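The values are calculated or read from the model by the stated rules, or taken from the named source; none is laboratory data. A quick note: this is a predicted structure, and the numbers were derived from the prediction, not measured. Every residue, glycine as well, gets a Cβ built from its backbone with ideal geometry; the counts of neighbours run over all protein chains shown. In case anyone asks, the SASA skips ligands and DNA or RNA and just uses the protein heavy atoms, side chains included. Shrake-Rupley method; radii C 1.70, N 1.55, O 1.52, S 1.80 Å.
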Amino acid sequence: MKKMYTYIALAFSMFLLTACASKKEDQGQAQWDKIEKKGELTVATSGTLFPQSFHDKKNKLTGYDVEIIKEVGKRLGLKVKFTEMGVDGMLSALNSSQVDMAGYSIEKDSKNAKKFLYTDAHKYSFGSMIVRQSDDSGIKLLKDLKGKKAAGASTTSYMKVAKKFGAKLVIYDNVTNDVYLEDVANGRTDVILNDFYLQSMASKALPDIPVKVLKGVYYNPSEANFAIKLGNEKLQKKVNKTLAEMKKDGTLTKLSKEFFAGQDVSKEKKYDFKKIDVSDVD
(Lines give C-alpha, C1' and ligand atoms only; values in the text may rest on other atoms or scores of the structure.)
Protein backbone atom coordinates (compact mmCIF):
# COMPACT_ATOMS: atom_id res chain seq x y z
CA MET A 1 0.00 0.00 0.00
CA LYS A 2 2.86 2.37 0.90
CA LYS A 3 4.47 1.76 -2.50
CA MET A 4 1.16 2.52 -4.20
CA TYR A 5 0.92 5.89 -2.43
CA THR A 6 4.51 6.63 -3.43
CA TYR A 7 3.77 5.87 -7.09
CA ILE A 8 0.62 8.01 -6.98
CA ALA A 9 2.55 10.90 -5.41
CA LEU A 10 5.30 10.64 -8.04
CA ALA A 11 2.76 10.47 -10.85
CA PHE A 12 0.96 13.53 -9.49
CA SER A 13 4.24 15.44 -9.22
CA MET A 14 5.10 14.59 -12.83
CA PHE A 15 1.63 15.71 -13.89
CA LEU A 16 2.09 19.07 -12.14
CA LEU A 17 5.53 19.61 -13.69
CA THR A 18 4.22 18.76 -17.16
CA ALA A 19 1.21 21.03 -16.68
CA CYS A 20 3.42 23.92 -15.51
CA ALA A 21 5.81 23.45 -18.44
CA SER A 22 2.88 23.34 -20.85
CA LYS A 23 1.40 26.52 -19.36
CA LYS A 24 4.80 28.24 -19.61
CA GLU A 25 5.08 27.27 -23.29
CA ASP A 26 1.53 28.49 -23.96
CA GLN A 27 2.32 31.86 -22.33
CA GLY A 28 5.52 32.22 -24.35
CA GLN A 29 3.71 31.31 -27.55
CA ALA A 30 0.93 33.80 -26.80
CA GLN A 31 3.49 36.58 -26.26
CA TRP A 32 5.23 35.73 -29.52
CA ASP A 33 1.90 35.54 -31.41
CA LYS A 34 1.13 39.04 -30.17
CA ILE A 35 4.48 40.37 -31.45
CA GLU A 36 4.14 38.52 -34.76
CA LYS A 37 0.57 39.74 -35.32
CA LYS A 38 1.65 43.32 -34.67
CA GLY A 39 4.67 42.80 -36.93
CA GLU A 40 6.81 44.90 -34.63
CA LEU A 41 9.51 44.33 -32.02
CA THR A 42 9.77 47.14 -29.46
CA VAL A 43 13.23 47.62 -27.97
CA ALA A 44 14.60 49.91 -25.26
CA THR A 45 18.01 51.39 -25.98
CA SER A 46 20.04 54.25 -24.49
CA GLY A 47 20.88 56.22 -27.64
CA THR A 48 23.78 57.76 -25.71
CA LEU A 49 26.20 54.83 -25.36
CA PHE A 50 28.88 55.12 -28.06
CA PRO A 51 29.56 52.89 -29.96
CA GLN A 52 26.75 50.49 -29.02
CA SER A 53 23.75 52.83 -29.17
CA PHE A 54 24.19 56.45 -30.27
CA HIS A 55 23.18 59.07 -32.82
CA ASP A 56 25.51 59.68 -35.76
CA LYS A 57 26.24 63.07 -37.37
CA LYS A 58 22.92 62.88 -39.23
CA ASN A 59 21.15 62.17 -35.92
CA LYS A 60 20.36 58.63 -37.02
CA LEU A 61 20.20 56.04 -34.23
CA THR A 62 22.88 53.43 -34.81
CA GLY A 63 25.59 51.42 -33.04
CA TYR A 64 26.66 47.82 -32.53
CA ASP A 65 23.62 46.83 -30.42
CA VAL A 66 21.19 48.82 -32.56
CA GLU A 67 22.34 47.29 -35.84
CA ILE A 68 22.29 43.78 -34.35
CA ILE A 69 18.66 44.25 -33.30
CA LYS A 70 17.74 45.71 -36.69
CA GLU A 71 19.20 42.61 -38.37
CA VAL A 72 17.45 40.27 -35.92
CA GLY A 73 14.16 42.01 -36.68
CA LYS A 74 14.75 41.75 -40.41
CA ARG A 75 15.46 38.01 -40.21
CA LEU A 76 12.38 37.46 -38.05
CA GLY A 77 10.21 39.46 -40.44
CA LEU A 78 9.55 42.22 -37.90
CA LYS A 79 9.88 45.98 -37.92
CA VAL A 80 11.90 47.30 -34.99
CA LYS A 81 10.72 50.25 -32.94
CA PHE A 82 13.35 51.71 -30.60
CA THR A 83 12.48 53.62 -27.45
CA GLU A 84 15.35 55.59 -25.96
CA MET A 85 15.67 55.65 -22.20
CA GLY A 86 18.17 55.43 -19.35
CA VAL A 87 19.46 52.09 -18.16
CA ASP A 88 17.66 52.46 -14.84
CA GLY A 89 14.25 52.51 -16.54
CA MET A 90 14.74 49.61 -18.93
CA LEU A 91 13.79 46.75 -16.61
CA SER A 92 10.67 48.60 -15.49
CA ALA A 93 9.75 49.10 -19.15
CA LEU A 94 10.11 45.36 -19.72
CA ASN A 95 7.99 44.47 -16.70
CA SER A 96 5.22 46.82 -17.78
CA SER A 97 5.33 45.43 -21.36
CA GLN A 98 6.24 48.87 -22.69
CA VAL A 99 8.99 47.10 -24.63
CA ASP A 100 9.69 43.49 -25.69
CA MET A 101 13.48 43.66 -25.34
CA ALA A 102 16.03 45.97 -23.75
CA GLY A 103 19.68 46.82 -24.27
CA TYR A 104 20.32 45.92 -20.65
CA SER A 105 22.85 43.17 -20.00
CA ILE A 106 21.71 40.63 -17.40
CA GLU A 107 24.51 39.01 -15.41
CA LYS A 108 24.06 35.25 -15.01
CA ASP A 109 24.81 35.29 -11.29
CA SER A 110 22.82 38.42 -10.43
CA LYS A 111 19.43 38.78 -8.77
CA ASN A 112 18.00 39.92 -12.10
CA ALA A 113 18.86 36.57 -13.70
CA LYS A 114 15.81 35.08 -11.98
CA LYS A 115 13.55 38.02 -12.72
CA PHE A 116 14.20 38.32 -16.47
CA LEU A 117 15.19 36.26 -19.48
CA TYR A 118 18.34 37.13 -21.40
CA THR A 119 19.73 36.27 -24.81
CA ASP A 120 23.02 34.61 -25.64
CA ALA A 121 26.03 36.92 -25.53
CA HIS A 122 26.83 39.15 -28.51
CA LYS A 123 29.80 40.91 -26.88
CA TYR A 124 32.60 39.95 -24.47
CA SER A 125 34.65 42.43 -22.47
CA PHE A 126 35.85 43.37 -18.96
CA GLY A 127 35.72 46.28 -16.56
CA SER A 128 38.05 49.29 -16.61
CA MET A 129 38.22 52.89 -15.34
CA ILE A 130 38.42 56.30 -16.93
CA VAL A 131 40.50 58.81 -14.95
CA ARG A 132 42.10 62.23 -15.45
CA GLN A 133 45.20 62.30 -17.62
CA SER A 134 47.03 64.69 -15.30
CA ASP A 135 47.08 62.62 -12.11
CA ASP A 136 45.18 59.36 -12.80
CA SER A 137 42.63 60.82 -10.35
CA GLY A 138 44.88 59.49 -7.58
CA ILE A 139 43.99 55.89 -8.45
CA LYS A 140 46.53 53.09 -8.91
CA LEU A 141 44.55 50.13 -7.58
CA LEU A 142 40.90 49.25 -7.00
CA LYS A 143 41.29 49.98 -3.29
CA ASP A 144 42.13 53.59 -4.19
CA LEU A 145 38.47 54.09 -5.15
CA LYS A 146 37.71 54.78 -1.48
CA GLY A 147 36.42 58.33 -1.15
CA LYS A 148 36.58 59.01 -4.92
CA LYS A 149 33.56 60.32 -6.80
CA ALA A 150 32.45 57.60 -9.22
CA ALA A 151 30.04 58.53 -12.04
CA GLY A 152 27.43 56.21 -13.52
CA ALA A 153 23.86 54.93 -13.64
CA SER A 154 22.61 53.72 -10.28
CA THR A 155 21.76 50.08 -11.06
CA THR A 156 24.83 48.95 -12.98
CA SER A 157 27.26 46.32 -11.72
CA TYR A 158 30.07 48.84 -12.27
CA MET A 159 28.60 51.21 -9.72
CA LYS A 160 28.25 48.30 -7.33
CA VAL A 161 31.99 47.66 -7.70
CA ALA A 162 32.65 51.35 -6.98
CA LYS A 163 30.40 51.21 -3.92
CA LYS A 164 32.07 48.04 -2.66
CA PHE A 165 35.43 49.80 -2.65
CA GLY A 166 34.08 52.84 -0.82
CA ALA A 167 33.60 55.33 -3.66
CA LYS A 168 31.05 58.14 -3.44
CA LEU A 169 28.45 57.51 -6.14
CA VAL A 170 27.44 60.35 -8.45
CA ILE A 171 24.31 59.22 -10.27
CA TYR A 172 23.61 60.25 -13.86
CA ASP A 173 20.55 59.72 -16.00
CA ASN A 174 20.78 58.95 -19.73
CA VAL A 175 23.58 61.42 -20.60
CA THR A 176 26.09 61.24 -23.45
CA ASN A 177 29.74 60.20 -23.19
CA ASP A 178 31.08 63.74 -23.45
CA VAL A 179 29.19 64.78 -20.30
CA TYR A 180 30.68 61.90 -18.33
CA LEU A 181 34.21 62.56 -19.58
CA GLU A 182 34.08 66.34 -19.16
CA ASP A 183 33.01 65.93 -15.54
CA VAL A 184 35.99 63.70 -14.77
CA ALA A 185 38.32 66.16 -16.50
CA ASN A 186 36.99 69.20 -14.59
CA GLY A 187 36.93 67.43 -11.22
CA ARG A 188 33.18 67.20 -10.70
CA THR A 189 33.81 63.45 -10.56
CA ASP A 190 37.00 61.40 -10.37
CA VAL A 191 36.36 58.14 -12.16
CA ILE A 192 34.01 56.19 -14.41
CA LEU A 193 33.85 52.42 -14.05
CA ASN A 194 32.52 50.71 -17.14
CA ASP A 195 33.20 48.36 -20.03
CA PHE A 196 36.77 48.51 -21.41
CA TYR A 197 35.88 48.64 -25.11
CA LEU A 198 33.22 51.31 -24.61
CA GLN A 199 35.58 53.44 -22.57
CA SER A 200 38.47 53.02 -25.01
CA MET A 201 36.27 54.03 -27.95
CA ALA A 202 34.72 56.98 -26.11
CA SER A 203 38.06 58.44 -24.99
CA LYS A 204 39.51 58.07 -28.51
CA ALA A 205 36.43 59.66 -30.06
CA LEU A 206 36.80 62.71 -27.77
CA PRO A 207 40.59 63.32 -27.74
CA ASP A 208 40.28 66.95 -26.61
CA ILE A 209 38.95 65.89 -23.21
CA PRO A 210 41.98 65.14 -20.98
CA VAL A 211 40.98 61.73 -19.65
CA LYS A 212 42.21 58.19 -20.28
CA VAL A 213 41.54 54.53 -19.53
CA LEU A 214 43.66 53.60 -16.50
CA LYS A 215 46.14 51.06 -17.77
CA GLY A 216 46.44 47.71 -16.01
CA VAL A 217 43.53 48.05 -13.57
CA TYR A 218 41.01 45.62 -15.04
CA TYR A 219 38.40 43.40 -13.44
CA ASN A 220 35.25 41.30 -13.97
CA PRO A 221 35.27 39.65 -17.41
CA SER A 222 31.77 40.20 -18.79
CA GLU A 223 29.26 39.14 -21.41
CA ALA A 224 26.74 41.52 -22.98
CA ASN A 225 23.25 40.27 -23.84
CA PHE A 226 19.75 41.62 -24.33
CA ALA A 227 17.08 41.42 -21.62
CA ILE A 228 13.60 39.98 -22.26
CA LYS A 229 10.54 39.87 -20.02
CA LEU A 230 10.13 36.70 -17.99
CA GLY A 231 7.69 34.33 -19.67
CA ASN A 232 8.60 35.29 -23.23
CA GLU A 233 10.68 32.16 -23.90
CA LYS A 234 9.51 31.91 -27.50
CA LEU A 235 11.02 35.29 -28.36
CA GLN A 236 14.19 34.37 -26.45
CA LYS A 237 14.60 31.16 -28.51
CA LYS A 238 13.98 32.94 -31.80
CA VAL A 239 16.44 35.73 -31.01
CA ASN A 240 19.08 33.23 -29.83
CA LYS A 241 18.66 31.18 -33.01
CA THR A 242 19.06 34.32 -35.11
CA LEU A 243 22.12 35.49 -33.15
CA ALA A 244 23.71 32.05 -33.65
CA GLU A 245 23.12 32.37 -37.41
CA MET A 246 24.61 35.86 -37.41
CA LYS A 247 27.65 34.62 -35.52
CA LYS A 248 28.11 31.70 -37.91
CA ASP A 249 27.75 33.75 -41.12
CA GLY A 250 30.11 36.48 -39.87
CA THR A 251 27.52 39.24 -39.43
CA LEU A 252 28.39 39.84 -35.76
CA THR A 253 32.10 40.01 -36.55
CA LYS A 254 31.43 42.46 -39.39
CA LEU A 255 29.32 44.74 -37.20
CA SER A 256 31.83 44.55 -34.36
CA LYS A 257 34.72 45.58 -36.57
CA GLU A 258 32.62 48.41 -37.99
CA PHE A 259 31.80 49.93 -34.60
CA PHE A 260 34.82 48.89 -32.52
CA ALA A 261 37.59 50.07 -34.85
CA GLY A 262 38.45 46.66 -36.30
CA GLN A 263 38.16 44.71 -33.03
CA ASP A 264 36.00 41.58 -32.85
CA VAL A 265 34.19 41.76 -29.51
CA SER A 266 31.70 39.07 -30.58
CA LYS A 267 34.16 36.25 -29.85
CA GLU A 268 34.81 35.05 -26.31
CA LYS A 269 38.32 35.52 -24.95
CA LYS A 270 39.92 34.26 -21.75
CA TYR A 271 40.86 37.02 -19.33
CA ASP A 272 42.79 36.47 -16.12
CA PHE A 273 41.28 39.45 -14.31
CA LYS A 274 40.00 39.69 -10.76
CA LYS A 275 36.35 38.72 -10.30
CA ILE A 276 34.72 41.04 -7.80
CA ASP A 277 31.61 39.66 -6.13
CA VAL A 278 28.99 42.40 -5.79
CA SER A 279 26.06 40.14 -4.85
CA ASP A 280 26.17 41.63 -1.35
CA VAL A 281 25.95 45.23 -2.64
CA ASP A 282 22.53 46.87 -2.94
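What is the magnitude of the charge dipole of region 124-221 about its Cα centre, with +1 placed on the Cβ of each Lys and Arg, -1 on the Cβ of each Asp and Glu, and no other charges, expressed in debye to the nearest 20?
Working: 14 positive and 10 negative charges, 104 e Å.
Once rounded to the nearest 20, the dipole reads 500 debye.
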Using a 7 Å offset from the Cα along the Cα-to-Cβ direction at both residue 248 and residue 112, what is the distance between the two label points in nm, to one decimal? 3.0 nm
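Could you please state how large a percent of the accessible area of region 124-221 is carbon and sulfur, counting protein chains only and using a 1.4 Å probe?
On the way: 2210 of 4320 Å².
Answer for region 124-221 is 51 percent, counting heavy atoms of protein chains only.
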Of 204/241; 58/269; 79/257; 111/149, pairs whose Cα-Cα distance is over 28 Å: 204/241; 58/269
Where nothing but the Cβ of Lys and Arg (+1) and of Asp and Glu (-1) is charged, how large is the charge dipole of the chain around its Cα centre, in debye to the nearest 20? 700 debye
Placing +1 on each Lys and Arg Cβ and -1 on each Asp and Glu Cβ in region 231-282, then taking the dipole about the Cα centre, the residue among 261, 276, 251 whose Cα reaches farthest towards the positive end is 251
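Using a Förster distance of 30 Å, how high is the FRET efficiency between residue 133 and residue 60, based on the Cβ-Cβ distance and rounded to 0.05? Intermediate values should be presented prior to the final figure.
Details: r = 32 Å, r/R0 = 1.06.
Efficiency computed from Cβ-Cβ geometry: 0.40.
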For a quick check, take a GNM of the chain with Cα springs below 10 Å and name the residue from 207, 221, 51 with the largest mean-square fluctuation. 207
I need the Debye-formula profile for the chain: one equal scatterer per C-alpha, no solvent, reported as log10 I(q)/I(0) at q = 0.07, 0.11 1/Å, two decimals. -0.30, -0.68
Quick one: which residues, 5 or more positions from residue 149 or on another chain, have an amide H under 5 Å from its amide H? H modelled 1.01 Å from N in the peptide plane, none for Pro or chain starts. 168, 190, 191
Using modelled amide H (1.01 Å from N, peptide plane; none on Pro or chain starts), what sits under 5 Å from the amide H of residue 123, excluding residues fewer than 5 places away? 224
Under-5 Å amide H pairs with residue 82, H placed in peptide plane, nonlocal only: 43
With unit charges on the beta carbons (Lys and Arg positive, Asp and Glu negative) and the dipole taken about the Cα centre of region 124-221, which residue among 175, 139, 153 sits farthest to the positive side? 139
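Compute the signed sum of charges (Lys and Arg +1, Asp and Glu -1) over the other residues within less than 12 Å, Cβ to Cβ, of residue 264.
+4
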Calculate, for the chain, the solvent-accessible area per residue in square angstrom, rolling a 1.4 angstrom probe over the heavy atoms of the protein chains. 55 Å²
Protection proxy (average C-beta count within 10 Å per residue), highest first, orders 176-189, 116-129 as 116-129, 176-189
Any idea how far apart residue 241 and residue 204 come out in nm if each label point goes 7 Å out from Cα toward Cβ? 3.7 nm
Whole-Hz Karplus couplings 3J(HN,Hα) for region 121-128, θ = phi - 60° and coefficients 6.51, -1.76, 1.60, Gly and Pro as x, run 5, 10, 7, 10, 7, 7, x, 8
